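Undergrad: Take this structure first; my questions come after.
A short reminder: the numbers here are calculations on the coordinates, not readings from a lab. Predicted model only: the values in this text are computed from it and were never measured. Cβ placement follows ideal geometry from the backbone for every residue including glycine, while neighbour counts extend to all protein chains displayed.
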Amino acid sequence: MRYLAVLISLFATTAFAAEPKPAPAAARTTLTWYGHAAFKIVTPGGKTLLVDPWIKNPANKTGEADLAALDKADLVLVTHGHFDHVGDAVEIGKKTGAKLVATFDLGNALVGAGYPKEQFGFDSTGNAGGDIELLGGDVRVAFIPAVHSSDANGHAAGSAGGFLIRIKGGPSIYHTGDTDLFGDMALVAEHGKVDVMLACIGDRFTMGPKRAAEAVKLVKPASVVPMHFATFPVLTGTVEAFAAALKQSGAKAELKALKVGETVAL
Ligand SMILES: [Zn+2]
């Protein structure tokens, strides 16, 4: 009996010793929607990116507190000069020291509006066709065209655009900015496969649900997050209409409708 007990204990020790240690869970990229076109992306490397940071938009009931809590940001990306996309960029730039990623024209307009000059330069600017490396290679950003306008509070601010944001060890995220459907969206994936598409669906100033569903068909992302709807009554597109249009269009992407303030791991 005693011999058997020793054997069992030996076997157990060996078995446990042979058990590989579970690898530490890899950090995931997280995506937070503040409502409208405003998103926060936190990379596995701990870098914080804000896109079109209109944090205090009417759909975000906790806008003041959310903005106050934003004390760290590495990049602020702005797709075009309209107030609902520039949003709180200047305030965030001032308090975090974040570099501004925007076209040369829009960046200069925002520096004119108070964005710290030393946080916008050749290292963080570009234009359609450009594909730049940022944060020591943690992030790549391609400047994607959009069919829209870009006046910045009365100042010329170049052309409107979108961004394809590719994160090292994480997903690639296409923020359409404000745009209509255009055939060259099929070329976005030439930069590399799109994992998540953040698509405007509100109609009136941008694609509505049906055209946005066609855009998803062209871009072929694994999932799509609807944005730029319901912030004002005139932005009439709904998640339900978008879901129906996606189904009808035969687009394969998974619909990930976020609630304002929700954070998801990608
Ligand atoms: Zn807009």
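Undergrad: Using only the Cα atoms of segment 27-259, build the gyration tensor, take square roots of its eigenvalues as a ≥ b ≥ c, and label the shape rounded, prolate or oblate: rounded if a/c is under 1.5, else prolate if a/b is larger than b/c, else oblate.
TA: Details: a/c = 1.43, a/b = 1.31, b/c = 1.09.
Since a/c stays below 1.5, the shape of segment 27-259 is classed as rounded.
Undergrad: What is segment 129-266's relative contact order, in percent, from Cα pairs under 8 angstrom and six or more apart in sequence? The partial results should precede the final answer.
TA: Details: 290 pairs, mean separation 23.6, N = 138.
Rounded, it is 17 percent for segment 129-266.
Undergrad: Order by neighbour count: LYS61, LYS220, fewest other Cβ atoms within 10 Å first, most last.
TA: Numbers: LYS61 11, LYS220 16.
Starting with the residue having the fewest Cβ neighbours, the order is LYS61, LYS220.
Undergrad: Kindly flag which residue pairs out of LYS117/LYS168; LYS72/LYS210; LYS56/LYS259 have an alpha-carbon separation exceeding 26 Å in this structure.
TA: Details: LYS117/LYS168 28 Å; LYS72/LYS210 37 Å; LYS56/LYS259 15 Å.
The pairs that break the limit, which is 26 Å between Cα atoms, are LYS117/LYS168; LYS72/LYS210.
Undergrad: A further question on this structure: At 222 nm, what value in deg cm²/dmol follows for the chain if DSSP H runs of at least 4 each add -39500 (n - 2.57) and the sum is divided by all its residues, to the nearest 500? Mind dumping the intermediate values first?
TA: On the way: 7 runs with 67 residues, N = 266.
That calculation yields -7500 deg cm²/dmol at 222 nm.
Undergrad: Within a Cβ distance under 14 Å of GLY35, other residues only, what is the Lys/Arg minus Asp/Glu net charge? Don't skip to the end; give the middle numbers.
TA: On the way: positive: LYS40, LYS56, LYS61, LYS259; negative: ASP52, GLU64, ASP66, ASP84, ASP88, GLU262.
Around GLY35, the surrounding residues sum to -2.
Undergrad: Once the other residues with Cβ under 9 Å from the Cβ of ALA157 are scored (Lys, Arg +1; Asp, Glu -1), what is the net sum?
TA: Values: positive: none; negative: ASP105, ASP151.
After counting each charged neighbour, the total is -2.
Undergrad: Same structure again: Quick one: check the C-alpha center-to-center distance for segment 26-67 versus segment 162-185, whole angstrom.
TA: 16
Undergrad: Based on the mean of other beta carbon atoms within 10 Å per residue, what is the order of 32-42, 147-157, most packed first?
TA: Values: 32-42: 24.8, 147-157: 17.0.
The most tightly packed comes first, giving 32-42, 147-157.
Undergrad: Same structure, new question: Suppose a student asked you for the relative contact order of the chain, using Cα pairs under 8 Å spaced at least 6 residues apart; what percent would you report? Mind dumping the intermediate values first?
TA: Values: 601 pairs, mean separation 42.3, N = 266.
Relative contact order here is 16 percent.
Undergrad: Next question. Considering the chain as a Gaussian network with a 10 Å cut-off on Cα pairs, which listed residue, GLY87, GLY45, GLY208, attains the greatest mean-square fluctuation?
TA: Its mean-square fluctuation being the largest, the pick is GLY45.
Undergrad: Give the separation of the Cα centroids, segment 203-266 to segment 109-128, in Å.
TA: Answer, in whole Å: 30.
Undergrad: Follow-up question, since we're still on this one. Can you sort SER124, SER223 from fewest to most other Cβ atoms within 10 Å of each residue's own Cβ? Spell out each step's value before the answer.
TA: Numbers: SER124 20, SER223 17.
Taking fewest neighbouring Cβ atoms as first place, the list is SER223, SER124.
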